[in-house]
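For reference, the structure discussed in these notes is given below.
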Amino acid sequence: MNWEDFEKNGYGVFPADDMAPLDELRRQIFAKTRDIFGLEGEDPGAAFNSFHKLSITGAKLNELRVKLIREVTNSVDSGTLIFNAFQNTILTLLGPDLLVQKNTNMVIQQPNDPNPSELHRDAPANSPYEIVVWLPLVDCFGTKSMYILNRQKTAQALAKLDTAPENWNDFHDYCLETGDNVPAPYGTALFFWTGLFHGSRMNAEKETRFSLNMRYKSLFSPGGLKEPFEFFKIFRTSPLTRLGLEFQKSETIR
Amino acid sequence: MKSFYSCIDAFLSAPQPEQHLVIREKAKKEGGGITFYGAEEYRSAPVQSFIVPKLKRTAGLEGVVFFTLNQFRYGEKLNVKLMREILDLGLEMHFAREDISLRSREELERWLSFLLVVDYTKRRDAGSEWREIVAQA
C-alpha cells in the first residue's frame, strides 16, 4: 500500500510493523473470551474461527458479548497494543499528538448470522479527521470480512441518496452491489477514513469472524459532533506539545 | 448514599427535565442522589458567581453534578479557578454529559491537559460545521 492509493481510496490494509503486540492483544482477548464464553482450545485463531460451534445466539450472545467488551475495555490496553503494532502507519497518518478511543468495540460475526453490521459511515457525527483501525483477530476474507465503498463510490452513493432520500432500500442495495469486500488476514489491519460507507454482509463463510475497531485522532484536529471526553482519552503528546500545555496551564490559571 | 447538588446549564436549549434526568443518572453512577437543585442566573452564568456561595450555604453536600463541562467554558477562558475553589470546599465535581468526575485537586491536574486542549479546539472551531471544514479541505 502506498499513501497515494490510501488518499485516493480513503482506506488501505496495512501489515503490522511488529507482530508481538498484536499477538499479545489477541492472547489477552482470547483469555477473556475463554472465561466468559467457555471457549476451548489453545490456539486463539482456531478457537475464534470455530466459535459458532458453541451455538450461543440471540440475547445470550449479546449479553456475553457486552460483558466481553466491558472486560476487554477495563483490563486490556488495546489502544497501546494496536499502536505498538502499527506505529509507523498511525504516526504517518496522524502525527505525534494523539487521542485514542476509550472503549474497545468488538464484533463477533458468526456464519449465517442474519444481523450483520448495518451500512453506515462514521463521519458525521464523528470527526472527518479520525482514522478507524479495523483489526481482524482471525483471517478475514469474502463475506467474513467487511465491505467498504472507496471515496469515489461513497461520493456516487451519496449523490444517489440525494436524488431519492426516501428510498433507503435502493440505496442500501446499491451500496451492497458496489461495495468491495476487503480481505484482511490476521497480522494486518484495515485503516479507513471515517467518511466512507461500510458495513458487513451476512457471513456466508464457514468460520466466525472476531474483530475489533479502534479510533485514533490528532489531539488538535477539529472534533465531530460527539463529546471528545465521552469517546477519547489523551494517548500521547510530543515534547513540544507538553511544553505548550504546561505554559497554557500557568497562563489559564493566573 | 452521597448527597449531590444538581446544577443545570442555563444556556442550553434542551428542556430542563432532560438535563435533570441525565444528571440524576450520573449521580446514581457516583453512588449518590440529587438532594438540591439550582442553576446560574442567565446574566451571571458566564462567570458562575452563583454556585460557590450556594454550595457554601447548603449543608450536608458531598458534591455537585453539572450537566456539562461547557458550564465552565462560557467565560473568556476555561474556569479552572472555580473548579479548584469547589474542590477546595471538599466537594466532588461531576459532569453528566461528558461522564467525567473530579474528586480532588490531583485528579483535576491529571485531567487538565485534556480539558485545556478541548477548550482550545472548541473555541477555535466554534461556528465551523463539519461540512464547511470538509469543503475547505
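For the reader, a short list of remarks on this structure follows.
- Hits in region A:91-107 - residues which are crowded, with 21+ Cβ neighbours inside 10 Å and within 13 Å of the chain's Cα centre (by Cα): A:VAL100, A:GLN101, A:THR104, A:MET106
- One residue stands out in region B:91-117 among those that are facing chain A (nearest Cβ under 10 Å) and in contact (Cβ under 8 Å) with a residue 24 or more places away in the chain: the one that is farthest from B:ALA10 (Cα to Cα), namely B:LEU112.
- Boolean, B:ARG73 is within 12 Å of another protein chain (Cβ to nearest Cβ), farther than 16 Å from A:PHE229 by Cβ and touching an Asp or Glu at 6+ places or on another chain (Cβ under 9 Å): no
- Segments classed as helices (runs of 4 or more DSSP H), wholly inside region A:1-108, with at least 1 members that are over 30 Å from A:PRO128 (Cβ atoms), in contact (Cβ under 8 Å) with a residue 60 or more places away in the chain and not β-branched (Val, Ile, Thr): A:19-37, A:44-49
- B:GLU107 being assigned to a helix (DSSP H, G or I) and modelled with pLDDT of 90 or more: yes
- The listed residue being over 30 Å from A:PRO21 (Cβ atoms) and either surrounded by fewer than 22 Cβ atoms within 10 Å (Cβ to Cβ) or in contact with a Pro (Cβ under 6 Å, 6 or more places away or on another chain) (or both), out of A:ASN167, A:ASN181: A:ASN167
- Test: B:ASP88 is in contact (Cβ under 8 Å) with a residue 40 or more places away in the chain, among the acidic types (Asp, Glu), in contact with a Lys or Arg (Cβ under 9 Å, 6 or more places away or on another chain) and within 14 Å of chain A (Cβ to nearest Cβ): no
- Within region A:120-137, tally of residues that are within 27 Å of A:THR57 (Cα to Cα), in contact with a helix residue (DSSP H, G or I) (Cβ under 9 Å, 6 or more places away or on another chain) and surrounded by fewer than 19 Cβ atoms within 10 Å (Cβ to Cβ): 0
- Positions within region B:57-80 being loosely packed, with under 13 Cβ neighbours inside 10 Å and of a type in the set (Lys, Arg), in sequence order: B:ARG57
- Selected residue (only one of A:PHE235, A:PHE231 is surrounded by fewer than 21 Cβ atoms within 10 Å (Cβ to Cβ), modelled with pLDDT of 95 or more, closer than 24 Å to B:ILE100 by Cα and within 14 Å of chain B (Cβ to nearest Cβ)): A:PHE235
- When residues of region B:57-70 are limited to those that are of a type in the set (Val, Ile, Thr) and away from every other protein chain (no Cβ under 14 Å), the one nearest to B:VAL22 (Cα to Cα): B:VAL65
- Meets criteria (small (Gly, Ala, Ser) and in contact with a Lys or Arg (Cβ under 8 Å, 6 or more places away or on another chain)) for A:SER117: no
The values are calculated or read from the model by the stated rules, or taken from the named source; none is laboratory data. Everything numeric here is computed off the predicted structure, so don't read it as measured data. All Cβ positions, even for glycine, are placed from backbone atoms using ideal geometry, and neighbour counts span all protein chains on display.
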